[in-house]
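The structure appears right after this line, and notes come after that.
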Amino acid sequence: MWNNSFMKKYIGSFCFILLLSCASQEQKTSSEAIPLVATGKSVHSEAFNESFKLGMKGYYELKERFVAEEKTAIDTAAAQLIKAVTAIKIDSIGVDSTIMLTAKSYTQGINAELVGLIGETDIEEKRKAFQMVSEQLYDLIRTVQYDREVVYHQFCPMAFNNEGATWLSNTRTIRNPYLPTKMLECGELRDSIDFRRKNP
């Protein structure tokens with residue numbers, strides 16, 4: 001049989017080793033749990049970022065007018081978005097000329113769709129134009145790699161008689177601009193566009 005002195009030494013040593021092991025494991029877990037965070041820096045000029053941010057703000061305003069089904073307000077928001085998109089400072093983006101030309105073609109396409117949207121009298125036809133605006137803006141964001149915010153690409157499979165349609169949002173919350181009175185929360189997240197720079 002072990003005597004009391006031996007037992008005390010054995011238990012003491014075991015507890016010490018156990019504490020060291022736990023401390024080591026805790027330190028390892030803590031370091032592994034550190035998430036990637038945005039540095040706040042951007043690869044683009046401040047002028048470009050501010051102008052693009054205003055364009056996104058104008059788009060989100062237009063989307064909310066579709067949610068509210070306010071035809072006059074939709075046209076007003078679309079006209080404001082044309083001004084905002086036209087004012088995006090593509091020339092100060094600081095990328096190669098091919099990307100700049102592609103980006104400019106998207107801004108021109110967005111504005112053409114917005115002009116068509118304003119010219120439509122039927123709200124469903126306006127929504128079809130809005131769908132095209134949404135898709136071209138999605139492509140524009142990925143082309144220029146706008147890195148000031150996360151943009152969510154959302155999809156409703158029931159829109160336009162089950163053909164489906166997409167839109168953009170600055171939140172994960174679904175607010176369906178195509179079926180707001182029948183299915184406001186109908187939709188799913190297709191993509192999270194996040195070009196914010198992160199620390200390794």
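Note that the range 82-200 presents 52 Å² accessible area per residue, ligands and nucleic acids not counted, probe 1.4 Å.
Here is the P(r) of the range 63-194: all C-alpha pair distances, binned every 5 Å from 0, give 2, 11, 20, 22, 21, 14, 7, 3, 1, 0 in whole percents. Ranked by the mean number of other Cβ atoms within 10 Å per residue, highest first, peptides 97-106, 130-139 order as 130-139, 97-106.
Give me the percent relative contact order of the range 152-200, please, defined on Cα pairs under 8 angstrom at least 6 residues apart.
With pairs under 8 Å counted, the relative contact order is 40 percent.
For T173 and K104, FRET efficiency with R0 = 35 Å and r from the beta-carbon atoms, rounded to 0.05? Between K104 and T173 the formula returns 0.60.
As a length-normalised measure over Cα pairs under 8 Å and 6 or more apart, the relative contact order of the range 38-170 settles at 23 percent.
The values are calculated or read from the model by the stated rules, or taken from the named source; none is laboratory data. Quick caveat: nothing in here was measured; it's all calculated off a predicted structure. Cβ: placed from backbone, ideal geometry, glycine included. Neighbour counts: every protein chain shown. Note: accessible area is taken over every heavy atom of the protein model, side chains too, but ligands, DNA and RNA are not part of it. Shrake-Rupley method; radii C 1.70, N 1.55, O 1.52, S 1.80 Å.
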